[in-house]
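**Student:** Mind looking over this structure? Questions follow.
The values are calculated or read from the model by the stated rules, or taken from the named source; none is laboratory data. Just so you know, these numbers come straight off a predicted model, no measurement behind them. All Cβ positions, even for glycine, are placed from backbone atoms using ideal geometry, and neighbour counts span all protein chains on display.
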Amino acid sequence: MSELILLKLGGSVITDKTQPFTARLDVIERLAQEIKNAFTERGDDLRLIIGHGSGSFGHEVAARYQTHKGAVGPDSWLGFAEVAHAAAELNHIVVNALRRVGVPAIRFQPSASTRTRGEQLMYFETFPLKEALKHDLVPVIYGDVSVDAAQGMSIVSTEVLFDNLARELTPSRIILAGQVDGVYKADPNINPDAELIEDIDRTNWEEVETMLGGSHGTDVTGGMFTKVRDMYRLTLAMPPMQAMIMSAEEAGNVEAVLKGQMVSFGTLIN
Ligand code: IPE
């Protein structure tokens, strides 16, 4: 049986979070090649669903319109379209890069297939995605807007979509590849001596929970704390699934984990 991996390319690594609408094309192309290399080595032994964040595309616009808070003003629905467009623009860049190196990527637009209620994902139409996966394609999803039954609209992050997919598809691993090396005991941007936590599990969860703060920059979907907490809960619910939070900045990291190599970086959650 081949291994199924859900891989997120964080918005912080594929965009320049300090410059609106700026994709890091060199990084995206490198990551696409690393993904291709993993497929070349593993062939049918690897199945992959890719998700990516929105970084300086969607987050900027979503913060401007307060899309995560719902239909709060006369411009909210215009904002809904603007955020969806920004997220899709970045998605085109990512999918193009994957296809150029020969990864059979196919995009699934979350805003066309999800429904939330009070920012909680209530429905996600996954049948077409699962069919694509079954036929050796590589589905690509991304953080997007969603129609929300309680507040008009909301934002769905890649992690929330992955959570839903993981419960349906039981992957062996979820890999969240971003800009930081993993989960730190303190914010490494503020405290450069902050220590990396190598493993998060039942034995240290409570301690980790109290240590974590939010990520910096404009992030309307919760930052590091929510990410770690949700992944921890998911791995608790679905053993032996593991989640890993790691950096994609270092060339070769993503390739190594996709190939299933033993690695000594990142934070493993299980
Ligand atoms: C955010 O998605 C989606 C929008 C703001 C439209 P994610 O939460 O998955 O993205 P990043 O990784 O934080 O950019």
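**Student:** Do the conditions hold for Ile50, that is, is it among the hydrophobic types (A, V, I, L, M, F, W, C), part of a strand (DSSP E or B) and buried (at least 24 other Cβ atoms within 10 Å of the Cβ)?
**Tutor:** Answer is yes for this residue.
**Student:** Any residue in the range 154-180 that is part of a strand (DSSP E or B) and among the polar types (S, T, N, Q) sitting within a Cβ distance under 9 Å of a residue that is within 12 Å of the ligand (Cβ to nearest atom) and modelled with pLDDT of 95 or more? List the pairs, counting only those 6 or more apart or interchain.
**Tutor:** Taking only residues 6 or more apart or on different chains, the pairs are Ser154/Thr67; Ser154/His68; Ser154/Val145; Ser154/Ser146.
**Student:** Please specify each residue of the range 128-153 satisfying the condition of being farther than 26 Å from Gly102 by Cβ and in a loop (DSSP other than H, G, I, E, B).
**Tutor:** Within the range 128-153, Ala149, Ala150, Gln151 meet the criteria.
**Student:** Working only within the range 20-50, note down all residues that are within 14 Å of the ligand (Cβ to nearest atom) and at negative phi.
**Tutor:** If the condition is that a residue be within 14 Å of the ligand (Cβ to nearest atom) and at negative phi, then Pro20, Thr22, Ala23, Arg24, Val27, Ile28, Leu31, Ile49, Ile50 are the ones that fit.
**Student:** Can you go through Phe57, Phe124 and tell me which one is aromatic (Phe, Trp, Tyr), near the ligand (Cβ under 10 Å from one of its atoms), in contact (Cβ under 8 Å) with a residue 40 or more places away in the chain and surrounded by 14 or more Cβ atoms within 10 Å (Cβ to Cβ)? Lay out the reasoning, then the answer.
**Tutor:** Details: Phe124 fails: near the ligand (Cβ under 10 Å from one of its atoms).
After ruling out the rest, the residue left standing is Phe57.
This table checks each residue for (1) touching a His at 6+ places or on another chain (Cβ under 8 Å); (2) aromatic (Phe, Trp, Tyr); (3) in a helix (DSSP H, G or I).
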{"position": "Asn37", "(1), (2), (3)": "no, no, yes"}
{"position": "Thr40", "(1), (2), (3)": "no, no, yes"}
{"position": "Gly58", "(1), (2), (3)": "no, no, yes"}
{"position": "Arg64", "(1), (2), (3)": "no, no, yes"}
{"position": "Phe80", "(1), (2), (3)": "no, yes, yes"}
{"position": "Val83", "(1), (2), (3)": "no, no, yes"}
{"position": "Ala87", "(1), (2), (3)": "no, no, yes"}
{"position": "Val94", "(1), (2), (3)": "yes, no, yes"}
{"position": "Thr116", "(1), (2), (3)": "no, no, no"}
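**Student:** Here is a further query. Would you be able to tell me the number of residues in the range 195-215 that are surrounded by 15 or more Cβ atoms within 10 Å (Cβ to Cβ) and part of a loop (DSSP other than H, G, I, E, B)?
**Tutor:** 2
**Student:** Quick one: would you say His85 is crowded, with 22+ Cβ neighbours inside 10 Å, of a type outside the set (S, T, N, Q) and within 16 Å of the ligand (Cβ to nearest atom)?
**Tutor:** For His85, the condition - crowded, with 22+ Cβ neighbours inside 10 Å, of a type outside the set (S, T, N, Q) and within 16 Å of the ligand (Cβ to nearest atom) - is not met.
**Student:** Here's something else I'd like to know. I'm told Asp148 meets every condition in (1) within 26 Å of Ala32 (Cα to Cα); (2) at pLDDT 95 or above; (3) in contact with a Lys or Arg (Cβ under 7 Å, 6 or more places away or on another chain) except one. Can you identify the failing condition by its number?
**Tutor:** Here Asp148 meets the rest and fails (1).
**Student:** Suppose we keep only residues that are surrounded by fewer than 17 Cβ atoms within 10 Å (Cβ to Cβ) and at pLDDT below 85 within the range 219-250. Which one would you say is farthest from the ligand (Cβ to nearest atom)?
**Tutor:** By that ranking, first place goes to Phe225.
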